[in-house]
Structures are given as structure tokens and as C-alpha cells.
1. Which residues, taken from region A:311-349, are out of contact with any strand residue (DSSP E or B) (no Cβ under 8 Å at 6 or more places or on another chain) and modelled with pLDDT of 85 or more?
2. Only one of (1) within 11 Å of chain A (Cβ to nearest Cβ); (2) touching a residue at least 40 places away in the same chain (Cβ under 8 Å); (3) crowded, with 20+ Cβ neighbours inside 10 Å is not met by B:Ile199, so which one is it?
3. Out of all the residues in region B:251-262, is one or more farther than 18 Å from A:Pro88 by Cα, without any contact (Cβ under 8 Å) to a residue 40 or more places away in the chain and within 14 Å of chain A (Cβ to nearest Cβ)?
4. Just give me the residues in region A:126-140 being under 10 Å from A:Val92 (Cα atoms) and surrounded by fewer than 11 Cβ atoms within 10 Å (Cβ to Cβ), in sequence order.
5. Does B:Pro234 satisfy the criteria of being within 26 Å of A:Leu100 (Cα to Cα) and over 26 Å from the mean Cα position of the chain (by Cα)?
6. Quick one: what pairs do we get from region B:110-122, first residue within 12 Å of B:Leu200 (Cα to Cα), second of a type in the set (Phe, Trp, Tyr), C-beta under 7 Å, 6+ apart or different chains?
7. Taking the options B:Gly185, B:Gly175, name whichever one is modelled with pLDDT under 90 and buried (at least 17 other Cβ atoms within 10 Å of the Cβ).
Amino acid sequence: MSAVSFRDVSRVYDSVRAVDRVSFNIPEGEFFTLLGPSGSGKTTCLRMIAGFEFASSGSIAIHGQDVSATPPFARNVNTVFQDYALFPHMNVRDNIAYGLMVAGVPKAARHREAEAMLELVQLPGVGDRKPSQLSGGQRQRIAIARALINKPKILLLDEPLGALDLKLREQMQVELKRLQRQVGITFVFVTHDQQEALSMSDRICIFNRGRIEQIGSPDEIYETPKTEFVARFVGNVNLFEQGALPGLMSTERGLIMLRPERISISAGHTSERPQKIAGTVQDSEYLGAFIRYLVRAQNGLDITVHQPNLGHSQHAPRFTPGTTVGLGWDDSALHSIKTTKPIAEGGAG
Amino acid sequence: MNSAALTLSEPNRSSLSAWVYLHPRSVLLLLLIPPLLWLGVVYLGSLFNLLAYSVFGLDEFTGQITHELSLNNFIELTRAANLDVILRTTLMALMVTLGCVIIAFPIAYYMARYTKGKVRALFYLGIMLPLWSSYLVRVYAWKLILAKEGIIGWLAQTLHLDWLLQGILSLPVIGGPSLSFSPIGTFVVFVYIWLPFMILPIQAAIERIPRSFFEASMDLGASSWQTFRTVTLPLAIPGIAAGSIFTFSLTLGDYIIPGIIGNSTMYMGQVVYLQQGTAGNVPFAAAFSLVPIVVIGVYLALAKRMGAFDAL
């Protein structure tokens with residue numbers, strides 16, 4: 001039985017289709033991510049699982065039960081909000097115990113439970129403080145603790161890491177994964193950050209303009225995107241029209257995808273991999289872990305290449321703009337995407 | 001290169017805007033002097049001057065103020081008739097505040113959570129519009145509405161609810177010959193006149209509560225009533241407190257409404273007005289003026305003690 005299942009769900013606001021005939025199943029215990037740009041319908045889907053919004057058409061089931069007439073307070077689902085939504089007039093302990101308080105659990109018992117939740121999120125001893133006295137990362141953990149105290153079968157997370165700085169965000173990503181393994185429940189996570197989605201999810205569902213573009217594991221999404229949108233949205237990419245590159249020939253109409261890090265760049269004509277095409281470096285950008293080159297190939301294509309930063313060794317010489325270089329790749333690096341419309345814009349996305 | 005460095009290290013201090021930028025405290029002081037003079041000297045000065053009179057006396061033969069210190073005026077305040085006035089006014093102020101909260105809260109709640117754009121502008125207009133017309137006109141309008149022959153009396157008669165109106169009017173203490181000659185009428189008009197001062201702060205307080213708070217509460221299993229009791233109401237308290245300061249203090253000091261609507265019993269504002277104007281007993285009026293200040297001080301202290309300002 002699926003934890004959550006959407007069947008042809010649409011949500012229409014004043015003639016705008018925020019969610020357009022969406023169907024998916026989330027198995028129990030999965031870390032499922034809804035990924036897409038803002039306004040793509042991912043948050044609306046999450047809010048429909050929570051019960052804050054209802055489907056205009058189609059059906060939503062939670063653990064096999066139709067929830068089309070179930071209010072949020074009658075669902076065994078809890079949410080971690082983007083702004084955390086911690087109640088400012090209650091201390092941390094009362095915030096965490098709120099779900100038990102409204103369920104009528106006596107004070108001593110619910111406070112004990114709240115302390116246990118504080119242990120779980122590794123913040124023991126802050127129960128007496130007000131949310132305003134905590135840092136962003138701490139508030140984040142309190143919001144998670146509060147959402148978990150009712151022992152939900154499904155935890156919904158609405159861009160919970162958006163307000164944190166990069167270091168803390170990476171730390172919380174690891175933390176959330178640990179927590180999910182520990183409590184063993186289904187996590188439905190909404191984000192617009194593709195890196196976050198790739199690093200945490202069991203499966204990713206990519207939204208664009210209210211529709212699902214692709215559902216798959218991070219590996220599938222990154223290596224074998226089904227649409228041009230997915231290829232461009234997740235990671236950096238070179239997209240070429242079918243037949244523009246030497247190597248792969250297909251009679252199908254469509255695009256060829258080649259990730260910049262799968263291309264090797266070398267001077268002249270000596271390289272361990274066969275050189276496929278020669279070109280001139282137009283621009284180079286130093287990005288720390290790698291160096292990004294924009295190369296204009298002989299046949300006029302603009303190709304983005306990521307060269308791993310191996311230091312100033314002779315194995316990976318740096319190239320300055322104007323240098324003639326050879327580009328090479330393995331044919332397995334090429335992935336073809338079927339498309340019905342002509343390519344929107346060439347080169348890197 | 002040289003000239004650029006020169007302009008950077010030596011800004012043009014002679015220009016006014018540079019001076020303003022570099023001396024924020026002096027600018028603040030300049031801006032504050034006129035209002036501080038007004039508030040400190042003209043307003044507070046005359047208030048303290050008035051209060052200072054409360055320890056002087058009045059020569060009963062000449063009607064002249066005698067500049068001899070005495071506490072006679074305060075002893076006079078504790079006479080049964082005066083205590084009666086103080087108690088009645090304070091009770092009325094409390095009741096009016098309570099009535100305003102009960103009527104204002106649903107309106108403010110609806111405005112803050114369910115209206116936007118033009119509809120909300122219409123609400124603002126509806127609430128503020130009465131304030132644009134004369135206070136006296138509105139009070140006299142109410143005298144006509146509440147009169148025996150007024151619309152309420154007519155309506156009661158037409159609907160054969162005469163007995164109900166008579167029953168209410170025959171209540172001891174708050175009843176009277178007609179609504180316009182009873183403390184009930186005074187109460188109704190007070191509530192009407194001060195209502196905007198209660199709606200607006202409550203509306204502002206509820207508006208500040210993020211939508212996610214209501215959603216979080218429901219998400220965690222709270223019913224609508226539990227959400228109201230544990231989230232909405234506590235976070236609206238600062239607004240209620242702010243509004244109640246208006247309604248409470250305005251009722252304590254008002255002398256026009258009880259003069260036009262109600263029976264002949266006196267309220268504090270009327271006593272001060274009569275003593276100062278008709279009787280010319282400024283020292284006693286000054287002593288009486290101190291009472292509302294003390295009552296409001298006590299009121300604020302109690303409100304603070306009950307945590308009304310904790311969520312600010």
C-alpha cells in the first residue's frame with residue numbers, strides 16, 4: 001500500500017491550473033522529493049497532502065484512504081513549515097508538546113515526551129527558552145521535533161532548509177537523512193534546490209508548470225533525463241541537436257545531452273581518451289573544485305567543459321582563452337532525449 | 001589617481017547633506033525639540049500645574065484660591081457621593097471596554113483573515129467614516145434612536161416585544177424611564193462611539209499572525225476552537241490591550257455622552273467639568289482629575305501583570 005497516492009489530481013485557482021493532472025505513488029518509508037522552480041505546483045501538492053488545500057479534481061489517498069473530505073487535524077500527517085511557524089507566545093517545550101496538548105495528554109506526560117523529542121533532535125535543555133532566543137538551525141530542529149511528536153506516518157517538509165546558510169544547510173541535510181532512517185517514516189520533501197534533492201532523496205519528482213516531467217531516483221534523473229526541462233534543471237548540461245555531434249547517430253528526432261564533467265579537455269592531440277572534436281577556448285572560470293571552460297568547436301557548437309581541479313600538475317594543464325584544445329568523451333556519456341519541438345537555445349543550460 | 005584619493009579621504013564637509021549624514025544625533029535633536037517643547041512644557045507643564053492646584057483650597061466667602069497646602073480636597077474625594085461617582089465611572093469604563101472587545105473582535109478577525117484589497121478598504125471606510133462626522137451629531141442621533149418614540153421603541157411595539165423592552169428598562173440601577181434616560185443607553189452610546197478604537201488595533205494584531213501559525217495548529221491536530229483559544233487569542237491580546245487603553249481611558253474622562261444620554265447620575269468627567277466651570281472650584285476639580293490618571297495606572301499595572309504585553 002502506498003503512503004500517498006495521487007490520481008489525476010488538478011488544482012485550479014481562478015482558471016490558473018497550479019497543478020495539472022498529476023499522478024504518483026509514494027511507497028511507505030521513502031524519502032520522496034518534489035523538485036521544481038517556484039510556481040511549478042510542488043508546494044500546492046504538499047499542501048494538498050497536508051489538507052490545507054483540496055484537489056479541484058482527481059483523488060488523493062493517504063495509506064489507501066481517500067482524504068478528499070478530511071481536514072488537516074484529522075490526518076496522520078505533520079508538516080515542517082518553511083518559516084517554521086513556531087508559536088512565539090509559548091516556550092520551546094510547549095511548542096513541541098502542542099500536538100499532545102490539544103489531544104488532551106496530561107501536562108507531565110507531554111512534557112516528558114517533549115524532552116524525549118529534544119533528545120532526538122539533539123537539542124536537550126532548551127525547553128524553557130522562547131523560539132526567538134534560538135538560532136535559525138535550532139528553530140528548524142524544534143519545528144521538526146514538534147511535527148514528529150504526534151508520531152505521524154508521513155512527515156511533510158516545505159523547503160525547510162531554505163532560510164539556512166550553506167554550511168548549516170549541508171549539515172541539516174545529513175541530519176534529516178539520519179532522522180528519517182531513525183524514525184523510519186515516509187518523508188515528502190519540497191525544494192527548488194536540485195543539489196539538495198539529489199543528495200537526500202530516494203526518488204525525485206520533477207515539476208514544471210503544474211505537471212510532472214519525470215519521477216525517478218537521483219541517478220536516473222541526472223543520467224537519463226526524459227525531457228529537455230529535466231536535463232537543464234538538474235545540473236549543468238550541453239544539449240545538441242541530433243546529428244550535430246560526431247559519434248552517436250540516431251534517426252529519431254531529438255536532442256543529445258552531454259554533461260560538462262564527462263568531457264575531457266587536452267592540448268593539441270595527445271589524450272588518453274580519443275579526441276572527438278577540436279575547438280578554441282572562449283572563456284574560463286575558476287570554480288574551486290573544477291574549472292569551467294566555454295569552448296567553441298570547429299563546427300560552430302558552443303560546448304561547456306568542467307575540468308576537475310588537479311592542481312598545477314602537467315596531467316591537467318590550465319588553458320587560457322584563445323588556446324586550441326581537443327575535446328573527448330566516451331560514447332556512453334551521450335544520452336538522447338526525445339523531443340517534439342526544436343531546441344530552444346543551444347549550448348550550456 | 002591622486003585627485004580621486006583626495007576626494008575619498010576628504011569628503012565635502014561643507015555641504016548640508018554631508019553634515020546631516022555625519023551628525024545623526026544632532027539632526028534627531030533638532031527634529032525633536034519642537035515636539036518635546038510642546039509635550040514637555042505646554043502639555044505636561046499645564047497638567048502638572050493643574051494637579052498642583054489639588055493641594056490648594058478655596059476661600060468659601062470670596063471664591064478665591066488660597067495657596068495653603070492641605071489635603072482637604074482628597075479627603076473630600078472619599079465622601080460617599082464622590083466615591084460613588086468614581087466607582088460608577090470605573091465600572092462603566094470596564095463594561096464599555098468589555099462590550100467593545102466582544103463586538104470588535106469578530107469584525108477585526110474577519111477583516112484581518114478573510115478580506116483584502118477593495119473589500120478591506122470598504123471595511124476601513126465603514127469603521128472610520130463615523131469618525132469624520134461630528135461627535136455631538138452622532139450622540140444626538142443616538143438620543144433620537146434610543147428615545148421612547150424612537151426607532152427601537154417603535155420596533156418593539158410593532159413586533160409586540162414591548163414587554164421585553166419594559167422588562168429591561170425596569171431593571172434596578174441600569175434601567176430608567178426610556179433607553180435614552182438609562183445607564184443602558186449611556187453604555188450603548190459609549191460602545192458605539194469608541195468601537196473604532198478597539199477594532200483597528202485588534203485587526204492589526206491579528207493581521208500580523210502568519211497564516212502558517214493557523215495551519216501549524218490545525219496540522220498538529222487542533223480543532224478550529226482550540227486554534228482560536230491557544231493561538232489566535234493569545235497573539236491578539238496585545239491588540240486588545242491597546243484598544244482597551246483607548247476605550248477605558250476615553251470613557252473615564254468623557255463628560256458629553258453621560259450629559260446627553262442617561263439619567264442624572266454623575267460621571268467623573270462631568271464632576272470635573274462642573275467644579276471647574278460652574279462652581280469655580282479649580283482645586284477640587286484638579287484633585288478629581290487625578291482620579292482617572294490613578295485608575296488608568298492601576299488598570300495598566302493589572303494588564304501588565306496578567307501578561308497582556310508579553311507577546312509584544
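1. A:Asp330, A:Ser332
2. Condition (1) is where B:Ile199 drops out.
3. There is no residue in region B:251-262 that is farther than 18 Å from A:Pro88 by Cα, without any contact (Cβ under 8 Å) to a residue 40 or more places away in the chain and within 14 Å of chain A (Cβ to nearest Cβ).
4. Those that are under 10 Å from A:Val92 (Cα atoms) and surrounded by fewer than 11 Cβ atoms within 10 Å (Cβ to Cβ): A:Asp128, A:Ser132.
5. No: the conditions fail for B:Pro234.
6. B:Met111/B:Phe123
7. None of the other options fit; the residue is B:Gly175.
To keep it simple, each residue is scored yes or no on (1) at positive phi; (2) without any contact (Cβ under 8 Å) to a residue 40 or more places away in the chain; (3) more than 19 Å from the chain's Cα centre (by Cα).
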| position | (1), (2), (3) |
| --- | --- |
| B:Leu274 | no, yes, yes |
| B:Asn281 | no, no, yes |
| B:Phe284 | no, no, yes |
| B:Ala301 | no, yes, no |
| B:Ala308 | no, no, no |
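The values are calculated or read from the model by the stated rules, or taken from the named source; none is laboratory data. Quick caveat: nothing in here was measured; it's all calculated off a predicted structure. Please note: Cβ atoms are built from the backbone with ideal geometry, for glycine as well, and neighbour counts cover all protein chains shown.
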